[in-house]
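Below you'll find the structure, written out as structure tokens, and then a few comments.
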Amino acid sequence: MYVSETKKSNKQAVPALGTSGSLDKLLAAKEIVIACGSGGVGKTTTSAAVATMAALNHGGKVLVLTIDPAKRLANAMGLTSVGNTEFRVPGELFKQHSIDMRGELWAAMLDTKESWDSLVRRYAQDQESADKILANPIYKSFSGRFVQSHDYIAMERLYQLHSEGGYDLIVVDTPPTRNAIDFLEAPERMADFFSSRLLRWLIVPYRSKLVNVASKPFYQIADRILGTQFLQDVAEFFMLFQTMYSGFIERARAVSSLLRDRRTTFMVVSTLEAAPLREAEFFIDALGKRGYHLGAVVLNKVLPDYLRDKEASKVARTLSGKSNEISPEIAGLLGLDHALVQRVLSEVGNSFLNFSNLALKEQEQRDEIGVKPEVLSSVPFFESDIYDLAGLVELGKSIWG
């Protein structure tokens with residue numbers, strides 16, 4: 001996932017506990033990783049950590065691109081801001097945390113309007129057509145507010161960045177799960193939208209003065225409701241955009257092919273809470289139906305392994321069940337009240353056993369994930385939020401393998 005074929009790591013990957021492989025090995029053979037998951041499961045932070053580990057271990061140029069409108073990427077990387085233009089994370093930031101960075105880590109956050117403007121300038125028939133589209137009131141609203149335009153331009157941007165070949169690995173942080181399905185289907189939907197019957201009807205009277213008698217009432221009513229200027233703006237916008245229609249179709253097919261390419265893999269991020277896990281299973285199923293490669297499932301905020309240790313649970317039961325017998329000696333050693341020590345020992349034992357039951361339940365949930373990816377990694381609870389590169393590396397090490 002990380003590096004081109006010529007830059008694969010020679011290091012032998014060691015599978016992490018509970019996984020069938022490692023991200024290290026998986027990503028060495030990929031060029032695009034698309035991270036998906038519901039909101040609030042740590043998807044952006046995990047994406048940034050994966051990209052950081054790729055640059056750190058495999059070298060080369062690695063880009064983490066977020067298309068989620070929520071601006072979390074900069075916070076996770078300890079940066080003041082991340083914009084539409086790719087930005088190289090300064091090497092000095094890694095040195096401050098005693099991190100020896102082999103490669104280059106880059107970051108970008110999709111700006112829908114700026115990316116659409118760039119696309120229009122690139123694919124319009126000529127400069128005059130581009131200027132007309134950019135000045136059109138409908139285009140300004142479309143490129144800034146229309147949901148499908150955000151999803152489409154995200155795919156366009158990914159395709160462009162990959163085609164230019166400037167990065168060995170691109171890690172894409174998508175919006176929350178069900179929106180990520182829209183993201184994947186956006187190229188085909190956009191192409192269908194620009195070829196729809198409704199748009200052809202709106203354009204007809206402005207393309208030709210010969211309007212069918214039967215259709216005149218439709219245009220008269222539309223004109224009264226929407227206004228002549230609005231209809232003219234709509235018609236002009238779509239007539240100009242239809243000059244780019246063949247490019248839309250071509251790119252949609254190219255993007256669809258890229259998503260199914262062996263160089264592309266998907267990483268589903270979730271916690272083991274009921275709602276996010278259902279979303280993860282939904283997306284895993286959707287990936288399978290569309291023929292996409294499920295490379296990894298990363299489970300965040302998982303309880304530590306020692307909570308499932310039988311000997312540790314035996315100790316906890318002893319503390320809870322025999323706290324009244326052992327508390328006098330401990331209270332004497334510490335110079336504390338016997339009743340207080342007894343209560344604390346009992347609470348500690350019971351609390352451990354409760355968490356142990358949760359840990360066992362989590363293990364069952366992991367085992368019940370229907371489709372097994374190449375890599376199944378677990379991220380333990382961290383004592384504090386991740387807000388800098390050192391934190392990203394710590395998180396990355398826990399799932400890297």
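Rule-based calculations on the coordinates, nothing more; no lab input. These numbers come from a predicted model, not from an experiment. Cβ atoms come from the backbone with ideal geometry, glycine included; neighbour counts cover every protein chain shown.
Label sites at Asp285 and Leu333, each approximated as a point 7 angstrom past Cα along Cα to Cβ, lie 5.4 nm apart. Approximating the spin labels as points 7 Å out from Cα along Cα→Cβ, the Arg88-to-Tyr387 distance works out to 2.8 nm.
When +1 charges are put on Lys and Arg Cβ atoms and -1 charges on Asp and Glu Cβ atoms, the dipole computed for region 307-365 relative to its Cα centre reaches about 140 debye. All C-alpha pair distances within region 295-354, sorted into 10 Å bins from zero, spread as 23, 37, 23, 11, 5, 2 percent across the bins. A straight chain from Asn354 to Arg253 at 0.36 nm per residue would run longer than the Cα-Cα distance by 31.2 nm. Region 332-401 and region 243-261 have Cα centres separated by 45 Å. Sorting the segments 314-326, 244-256 by their mean number of nearby beta carbons within 10 angstrom, highest to lowest, gives 244-256, 314-326. A crude spin-label estimate for the pair Arg263 and Asp367, with each label 7 Å from Cα along the Cβ direction, gives 4.1 nm. Peptide packing for 296-305, 33-42 was compared via the average number of neighbouring C-beta atoms within 10 Å per residue; ordered from the highest value, the list is 33-42, 296-305.
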